[in-house]
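S.K.: To start, I am sharing the structure in question, which I have written as structure tokens.
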């Protein structure tokens, strides 16, 4: 609880100052000796030919930004080349586990910060993968590195530290609880960004009545809908997500109680507004459909604005969080620290990996990197030139952590309550077998109760 609140405050402060625009337990690292801490000297490594092995996940803007960064590094250090392996985000934990277990990696990118630690009431919950990696000696301790002084102190403390030691750098923060929208279509119908769910209903139903698909999403990859979409809607509906998560664990809240059923009803509406074949659309193909006018809106995180812009520089779009009903203020952005860089502690190229993080920590290198990513900077004094990021200033004032940073499912929970807990992809309307949200709510509660009973 305290850690979550600390991260929330930190991110809120960071976003207010920024310019606008189920883990698998990893296998132990190979049983070789690991450095207890990293060297803090600034001596140049030996200029022998070196190939640094990196792993990351498929995301066009991320891959392009990393490729540009690597090219700049190789330009300065011609003896260094890179091999970058990528997989879909859903498969990335497996790739990470496999490559660390084999000792076949030098630089590791991570999808998120060190967070979502079990709380006193999440009895029996497994530690997240990042804790296991640290405790097995897989991540290099970089606490004493001079380049850390260039980064936001609170980011270092709350996003990349464990038990007072530092194990990486986190290069930005993102919002991912909303939708991109086509400004031309919105203007055609006189729509403004919705501030309440009722306004959102009017927009979606009007579009549907006029033969326009309201929303598309890369449903084939699962997470854009079940994590981004679900997380955004929970955050818009629940005013205190930590208490909601705690309530599910302690029994004061149920998936089937009256209030939660109101959320299920909104999920039911959302499904009716989605592109009919959305569960066969890959994440990479969704932006193209959005730009082509196949749908007026697209569920996604703020990071993907670059992909939209690349498809059509003249395409006019905006972004708004899923609306709630609290007040007339801009709905809050919710999200996380994103893209962390860690060094494999047993790499034979540790010195060059440290040089790489030192290089990225230079403001003149970091500024274009974070702008290309479309992230909010985690380095003080950096002004991004990303126009899209800069246009989100009003929504940043009320930034918060997303639902996925609060919820931890009980160990061994069944498919109906796994992950983000509201697995609407299992509905018959999206290709699943469950006919109604009422049935899905009952199944989720049954799975949840069974898992809690098993760990009593």
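S.K.: Does residue 198 satisfy the criteria of being under 27 Å from the mean Cα position of the chain (by Cα) and either in the same structural domain as residue 283 (by TED's automatic domain parsing) or not in a helix (DSSP H, G or I) (or both)?
M.R.: No; evaluated as a whole, the condition is false for this residue.
S.K.: Over 30 Å from residue 244 (Cβ atoms) and surrounded by fewer than 17 Cβ atoms within 10 Å (Cβ to Cβ) - does that describe any residue in the range 108-124?
M.R.: Quick first cut of the range 108-124, residues over 30 Å from residue 244 (Cβ atoms) only: 108-109.
Going one step further and asking which of them are surrounded by fewer than 17 Cβ atoms within 10 Å (Cβ to Cβ), we end up with none.
The answer is no, given that none of the residues of the range 108-124 is over 30 Å from residue 244 (Cβ atoms) and surrounded by fewer than 17 Cβ atoms within 10 Å (Cβ to Cβ).
S.K.: Same structure, new question: Quick one: which helices (runs of 4 or more DSSP H) lie wholly within the range 339-419 and hold at least 1 residues that are within 30 Å of residue 234 (Cα to Cα)?
M.R.: Numbers: elements: 350-360, 363-373, 387-390, 393-396.
So the answer is 363-373, 387-390, 393-396.
S.K.: Pick out the one residue from 46, 72 that is modelled with pLDDT under 95 and surrounded by fewer than 16 Cβ atoms within 10 Å (Cβ to Cβ). So that I can check it myself, show each step before the final result.
M.R.: Numbers: 72 fails: modelled with pLDDT under 95.
Of 46, 72, the one residue that is modelled with pLDDT under 95 and surrounded by fewer than 16 Cβ atoms within 10 Å (Cβ to Cβ) is 46.
S.K.: Given the structure, is residue 388 assigned by TED's automatic domain parsing to the domain that holds residue 134 and over 30 Å from residue 78 (Cα atoms)? Working first, answer last.
M.R.: On the way: assigned by TED's automatic domain parsing to the domain that holds residue 134: yes; over 30 Å from residue 78 (Cα atoms): yes.
Criteria met by residue 388.
S.K.: Still on this structure: Keeping to the range 236-261, report how many residues are surrounded by fewer than 17 Cβ atoms within 10 Å (Cβ to Cβ) and part of a helix (DSSP H, G or I). Step through it out loud before you land on a result.
M.R.: Quick first cut of the range 236-261, residues surrounded by fewer than 17 Cβ atoms within 10 Å (Cβ to Cβ) only: 239-240, 243, 250-252, 256-259, 261.
Narrowing the set further to residues that are part of a helix (DSSP H, G or I) leaves 243, 250, 258-259, 261.
Residues in the range 236-261 being surrounded by fewer than 17 Cβ atoms within 10 Å (Cβ to Cβ) and part of a helix (DSSP H, G or I): 5 in total.
S.K.: Something else about it: Out of all the residues in the range 262-274, is one or more modelled with pLDDT of 95 or more, closer than 30 Å to residue 63 by Cα, part of a helix (DSSP H, G or I) and in contact with a helix residue (DSSP H, G or I) (Cβ under 6 Å, 6 or more places away or on another chain)? So that I can check it myself, show each step before the final result.
M.R.: Of the residues in the range 262-274, the ones modelled with pLDDT of 95 or more are 262-274.
Imposing the further condition that a residue be closer than 30 Å to residue 63 by Cα reduces the set to 274.
Remaining after also requiring part of a helix (DSSP H, G or I): none.
No, the conditions are met nowhere in the range 262-274.
The values are calculated or read from the model by the stated rules, or taken from the named source; none is laboratory data. Worth saying up front: this structure is predicted, and the values here are computed from it rather than measured. Every residue, glycine among them, receives a Cβ derived from its backbone with ideal geometry; neighbour counts consider all protein chains shown.
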